[in-house]
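A short worksheet on the structure shown next.
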Amino acid sequence: MTDSLNSLLSYGAEAFENLIAWLVAVIGQLGYPGITGLMFLESSFFPFPSEVVVPPAGYLAWKGEMNLFAVIFAGILGSVLGGLFNYWISVKWGRPFFEKYGKYFFVTPESLDKAEVFFAKHGHISTFTGRLIPVIRQYISLPAGLARMPLKQFCFYTALGSGIWVVILALVGYFFGSNQELIHEQIKKITIFLLIFCVCTVIFYIWRQRRKNKDLP
């Protein structure tokens with residue numbers, strides 16, 4: 001049983017290394033449009049992790065085959081475009097779908113109105129912190145589109161949250177690109193730190209909003 005498990009883990013590690021090697025080759029061939037395209041997929045509803053896209057590009061930047069700032073820009077651009085794609089889908093079909101079938105999901109027109117009001121007031125903090133949290137980052141654009149969050153505000157906070165994440169991944173790849181285990185370890189630590197940062201940011205935001213409301217006549 002132990003031998004089978006070790007064999008499976010070894011196979012998984014080898015497959016992951018092969019995937020990274022393939023991505024490095026693909027990004028090397030496609031260049032910055034390849035980064036943008038892959039990050040578009042990651043930022044939309046396709047389950048494609050950014051952790052296997054940007055670090056290899058950062059590694060190529062360390063080798064002198066790409067420019068680090070251009071890698072970061074391409075990654076942020078792809079993230080924003082993918083977010084806009086989800087936003088557009090949600091605006092186009094989200095509300096009509098829930099207005100028609102929402103009763104089967106316990107979603108009422110009143111709850112949709114409340115969501116719209118919520119994102120009008122707090123969409124910026126929700127979008128910003130959402131882009132820093134695993135899994136949520138791919139889907140935070142959907143409720144934003146459903147609530148018709150102002151587009152300029154949506155793009156700004158999507159770019160801000162995505163930018164932080166892309167910069168982190170690019171630098172991790174730049175400094176640890178030749179060691180996949182170390183990259184994995186560093187990303188895990190950074191993810192925990194970002195989760196703590198998001199919790200603290202939301203708590204501070206709530207405190208500030210309550211204080212502001214208290215000061216109102």
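If the condition is being at pLDDT below 75 and either touching a Lys or Arg at 6+ places or on another chain (Cβ under 6 Å) or outside any helix (DSSP H, G or I) (or both), then region 66-111 contributes 106, 107, 108. Considering only residues that are more than 17 Å from residue 198 (Cα to Cα) and outside any helix (DSSP H, G or I), look in region 122-174 and name the one that is most open to solvent (accessible area, probe 1.4 Å). Ranking the candidates gives 148 first. May I ask you to verify whether residue 193 is over 17 Å from residue 126 (Cα atoms) and surrounded by 13 or more Cβ atoms within 10 Å (Cβ to Cβ)? For residue 193, the condition - over 17 Å from residue 126 (Cα atoms) and surrounded by 13 or more Cβ atoms within 10 Å (Cβ to Cβ) - is not met.
For region 175-186, filtering for residues that are part of a helix (DSSP H, G or I) and surrounded by fewer than 20 Cβ atoms within 10 Å (Cβ to Cβ) leaves 7. Taking the criterion of being assigned to a helix (DSSP H, G or I), modelled with pLDDT under 80 and farther than 19 Å from residue 182 by Cβ, the residues of region 16-65 that qualify are 22, 25, 26, 27, 28, 29, 30.
The values are calculated or read from the model by the stated rules, or taken from the named source; none is laboratory data. Worth saying up front: this structure is predicted, and the values here are computed from it rather than measured. We place every Cβ from the backbone using ideal geometry, glycine too, and count neighbours over all the protein chains shown. Accessible surface areas use protein heavy atoms only, side chains included; no ligands, DNA or RNA. Shrake-Rupley method; radii C 1.70, N 1.55, O 1.52, S 1.80 Å.
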